[in-house]
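Working notes, structure below.
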Amino acid sequence: MSDEPERPKTSRERIEDALGAWAHFIFRFRWPVAIAMLATAGALATAIPSIELKMSAEDFLFEDDPVRAAYDGFKEEFGQDQLAMLTVEAPAIFDLGFLEKLRAFHGDLEDEVPYLEEITSLINVRSVYGRGDELVVEDLLDEMPSSQAELDALRERVMSTPSYIARGVISEDGKATTVLVEVATYSSIAPDGAGADLLTGFGDDEMIAGGPPSGEVEPGRRPFLTSAENTEVIEAILSVVERHDAPDFQIRAAGSPFLTYQLTVEMSRDVPRFFGGGLLVIALFLILLFRRISPVLLCLLVVVPAVLSTFGLAAVFGIPFSSVSQLIPSFLLAVGVGYAVHLVTIFLGDLSANRSRLESLEHALRHSGLPVIMTALTTATGVLSFRAAQMQPIADMGLLSAVGVAVTLVYAMVFLPALLAILPLEAGRSHETPRLDAFLSGLASGAARHPWPIVGGCALLALSALVAMTQLRVASDPPSWFPEDHPFRVATEYVIDTFGGSRSFELVIDVGVENGLHEPEMMNRIESLDRLVADLRASGAALTHTTSIVDIAKETHQALNANDTAFYAIPQERKLLAQELLLFENGGSDDLEKVVDPRFSKARYTIRTSWQDGVDTANFLEESGHRFHEAVGPDAELLITGMSALISRTVIATTESMLRSYALALALITPLMILMIGSLRAGLVSMVPNLVPILLTLGMMGLADIPIDMFTLLAGCIAIGLAVDDSIHFIASFRRYLALGHDPIGAVERTMQTTGRALLFTSIVLTTGFLVLTLSAMLNLRQVGLLTAFAVATAFLLDVTVTPALLVLTHRQRGAAATSIDRQSGS
C-alpha cells in the first residue's frame, strides 16, 4: 500500500464529479424532470403572441439618444413627419373622370383607415385666394369643375401654386399626383397608470386619433403609435388601394410607414422559412452523422422547446422583437444542435460499447458537459457584447441571444439527459469514416510538424485582410435591402424620381419669444433658407422642395392683394404680418398648426430630400449643417431633426456599435478563454484562429463592396462567440493528452483523432444554419448569412491548422523535456 498522500483534485475533476452526480440525479428523476421541462416550454410558448414588435426607423436608436429624443420632441410639438405617400399616375390628371375617381379614393381612405390624423390630396389641399376684401381658405375641390374651361383653370391654378409641388401634391410635370396619409402621432394604448381605454369619455374621434390638443396633455406621457397599430393602418390602406388600383389609376405606395410594414411582412415570411429550412438541412446532416433517426429527433427535441422558451421569456420580460431578432432562431438552432451532438455522440458510443444506460449518461456528461458549459459561456459572452451597441435593436438582440444560449444550455443539460434516460434507444453500430478521419488527422499533423509556414501564411492572410479592410464603407439604406422588383422599392424610386423623395430634414427655429415669428426680420431669415437650399442643390445636394410658415404668409399676402402674383412675398410690417396670419388662422385651415407652435415662437421648416442612404445625409449635415445655423442668425436657436437626421445618426451609431461590440467581445472572451483553459499561453493561442476569420470576413466585405450596416456588423461578434467553441474543444483535448505524457505533436494527432470529426460536423451545422438565411429575398439577411457562415467555416479551417501549429510552437519546451525523459528511460 502506497504511503504517498492522495493528490488533491483539480477544479476540472471536481466539476466533472459534480456532472457525474448530476447524471445520477437526472436518471433517478427522469420522468418528473422531462414533464417539468415540457410544461415550462408549453407555458412560455403561450406568451409568444404578446411579444412586442419594434420595426420602425426611430426604434433603431435608444429613446435617450439625443437625436432620437430631439425627434420625439419634434413629433410631440408638430406631429408626424412620416407620411404614407400614395402616388397616382393617370393619362390625364386634370380630367373630370379622374378627379371623380380621386375623390372616391380619398373618401374611402378617410372612412376606412384607423389611427388617422389627416389625408391630403388635390381634393382637400388648401386653396387660399382673395374675394374682394375677403380672405378665402378652403379645400381646393370643394366644388368639382363642370366644364373643360374650369378644368383648364384648375390646372393653371395648381401648377402655378409653389406649395402644391413643394408638398408633393402634384408632380412638376403635372402627370402624377399623391394622396398623403398622415397617421396619428400617439398610440391608442393607455400610458402606465392610465385607464384601459384612452378613448373613454371623448366623442371627437378625429381629435383622439391625432393625439391631444397642444397644452392639454403633458408631452411624452402617451406612447407613440406602435408597430402593431402601424400594421393596422397600412393593411387598411392597402385594402382600399387594391379596390381602386387600375391601369388608368395606377397607385404606388411609399413612405416610412410602408417601410416599417414591409419589414414586418418580410420578417413574418422569413422566420418560419429560416427555422424550418434550418431544421430540415441540419436534420439531413445529423442523419449522415448518426445514420439513424432517433438521435436527430433527440437533438431537435432540445432545440425547438429552447427556441420557444426563449421567445416566451422575451414576451414575459418585455424584450422587444426587432428586424435583427429574426436571426436568433437560426442562431439558437445551430448552437443547440451543436451542444446536443456532443452529448448524444458520447452516449451512443458508450451504449455501443455495452455500457449501461446510466454509465453512458454519466460518461457523456463527464466528458462533454464541461466543454458544453464553457462554449455556452463564450458564445453568450460574444453576443452579450452587443449590449455595448448604440443601436437598440442590436443591444436587444444581444440580450435575447444570450438568454437563448442560457436557455438552450439548460435544455441540453437537463431535458436531453432525461430523454436519454427515458427513450428506448438502441446501441446501434459504430460508423467509422476512416478517409475523413485520416484527412483531418493529416491536416493537423502536417501543420504541427511544419508550424512556421502555417503561421507565416496565416499572418500573410491577416495582413491582406487589413489592406482589403481599407475599402470598407458604412451604409444605412433600408429600402436597398428589398429586391429591385419589390413593389415598395419600385414605389420608393418612383417617388424619388417624380416627387423628389419621401424623406425630409426638419428644422425647428426657436426665437424664444412669444409672437417672435410676427417679426418680418425673422421671417426674412427663414425665407433665406430657401435660397440656401437652392444654392446647396445647385452644388450637388439632393435637396428637392421646402415648406414652411413662409409659404402660408406669402400665399395669404398675395390673396389679400387681389391675387396678384407680384405680392407673393412676406409683408414687411409687423402689424400687417400678424394680422394676415391671424386671418389665415381664422379661415378654417389647420395648416398653420403644422408649421408653427401656438405661441408663434417656434417654426418648422421642412426640406425634402431624395437621399436614401444615411451616409449621404450624415456627410451633408457634417459639411453644411453650420450654414443653416448661420442663415437663421444669433437671435434664434436651430434644431435639425426629422427622419433624414435620424437615419444619419444610425450611420454613426453603426460604426460606434461595431467598434464597441468587437472590442468588448475580445475583452471579455480572451480572459474567459484563459481562465477556462487554465493556461495563459493556450488561452492567447486560442484567440488567434478566432480573430483572423473576423479580419478575413471584414476584408471580404471590403473587396465585395458589402457595406457595414446594422445587420452585417453582427457577423463578427456572432462568429467570435461561435468559433471559440471549436477552439475550446480542441485545446482542452490537447492539454488532456499532453498531461498524459504525449509530446505536443503527438497530443495534436490524438486530439484530431478523437475530436476532429465532431468539430467538423458541428462547424457544418453552424455554417448550414446561417447559410439558410440566403433563402431570404432580403439582401441584408443574405449578406449576414453568407458572412457569418464564411467566418465560421474559416475559423474551423484555422482551428485544425493554425491552432496545432501555434500549440506546438508554444509547447516546444514541454516536448523537448518529454524527449529527454524518453532518452533517459531508454538508457
Matching residues in segment 136-190 - criterion: being in contact with an Asp or Glu (Cβ under 8 Å, 6 or more places away or on another chain) and within 23 Å of Gln558 (Cα to Cα): Leu151, Thr161, Pro162, Ser163, Ile165, Ala166
Count of residues meeting criterion [closer than 15 Å to Ala704 by Cα and of a type in the set (A, V, I, L, M)] in segment 767-790: 4
Filter result (surrounded by fewer than 24 Cβ atoms within 10 Å (Cβ to Cβ) and within 12 Å of Ala388 (Cβ to Cβ)) within segment 644-656: Glu656
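Results for (1) farther than 17 Å from Phe770 by Cβ; (2) out of contact with any Asp or Glu (no Cβ under 6 Å at 6 or more places or on another chain); (3) among the polar types (S, T, N, Q), shown as yes or no for each residue.
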| position | (1), (2), (3) |
| --- | --- |
| Gln250 | yes, no, yes |
| Ala254 | yes, yes, no |
| Gly278 | no, yes, no |
| Val281 | no, yes, no |
Which numbered condition Pro329 misses (of (1) surrounded by fewer than 19 Cβ atoms within 10 Å (Cβ to Cβ); (2) under 26 Å from Phe60 (Cβ atoms)): (1)
Flag for Ala406 being touching a residue at least 40 places away in the same chain (Cβ under 8 Å) and not basic (Lys, Arg): no
Entirely in segment 546-645, the helices (runs of 4 or more DSSP H) that have 1 or more residues that are under 29 Å from Asn124 (Cα atoms), without any contact (Cβ under 8 Å) to a residue 60 or more places away in the chain and touching a strand residue (DSSP E or B) at 6+ places or on another chain (Cβ under 7 Å): 549-559
Residue match in segment 42-50 (condition: touching a helix residue (DSSP H, G or I) at 6+ places or on another chain (Cβ under 9 Å), more than 30 Å from Leu365 (Cβ to Cβ), exposed (fewer than 15 other Cβ atoms within 10 Å of the Cβ) and at pLDDT 95 or above): yes
Segment 668-683, residues that are open to solvent by less than 60 Å² (accessible area, probe 1.4 Å) and either hydrophobic (A, V, I, L, M, F, W, C) or assigned to a helix (DSSP H, G or I) (or both): Ile669, Thr670, Leu672, Met673, Ile674, Met676, Ile677, Ala682, Gly683
The listed residue being polar (S, T, N, Q), over 28 Å from Asp59 (Cα atoms) and part of a helix (DSSP H, G or I), out of Ser648, Ser686: Ser686
Among (1) of a type outside the set (Phe, Trp, Tyr); (2) under 28 Å from Glu16 (Cβ atoms); (3) assigned to a helix (DSSP H, G or I) - the single one Asn354 does not satisfy: (3)
All positions within segment 38-64 that are of a type outside the set (S, T, N, Q) and not in a helix (DSSP H, G or I): Ala47, Ile51, Glu52, Leu53, Lys54, Met55, Leu61, Phe62, Glu63, Asp64
Checklist (1) modelled with pLDDT of 90 or more; (2) out of contact with any strand residue (DSSP E or B) (no Cβ under 8 Å at 6 or more places or on another chain) applied to Ile251, failing item: (2)
Per-region count, segment 492-545, residues aliphatic (A, V, I, L, M), surrounded by fewer than 22 Cβ atoms within 10 Å (Cβ to Cβ), assigned to a helix (DSSP H, G or I) and within 29 Å of the chain's Cα centre (by Cα): 1
Scope segment 588-603; condition open to solvent by less than 30 Å² (accessible area, probe 1.4 Å) and within 23 Å of Glu182 (Cβ to Cβ); matching residues: Ser589, Asp591, Leu592, Val595, Val596, Asp597, Phe600, Ala603
Candidate set: segment 65-82, residues that are under 22 Å from the mean Cα position of the chain (by Cα) and part of a helix (DSSP H, G or I); chosen: the one surrounded by the fewest Cβ atoms within 10 Å (Cβ to Cβ): Pro66
Counted residues, segment 253-288 - those being within 23 Å of Leu436 (Cα to Cα) and either open to solvent by 30 Å² or more (accessible area, probe 1.4 Å) or aromatic (Phe, Trp, Tyr) (or both): 5
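The values are calculated or read from the model by the stated rules, or taken from the named source; none is laboratory data. These figures come from a predicted structure and were not determined experimentally. Note that each Cβ is placed from the backbone with ideal geometry, even for glycine, and that neighbours are counted across all protein chains shown. Calculation scope for accessible area: heavy atoms of the full protein, side chains included, ligands and nucleic acids excluded. Shrake-Rupley method; radii C 1.70, N 1.55, O 1.52, S 1.80 Å.
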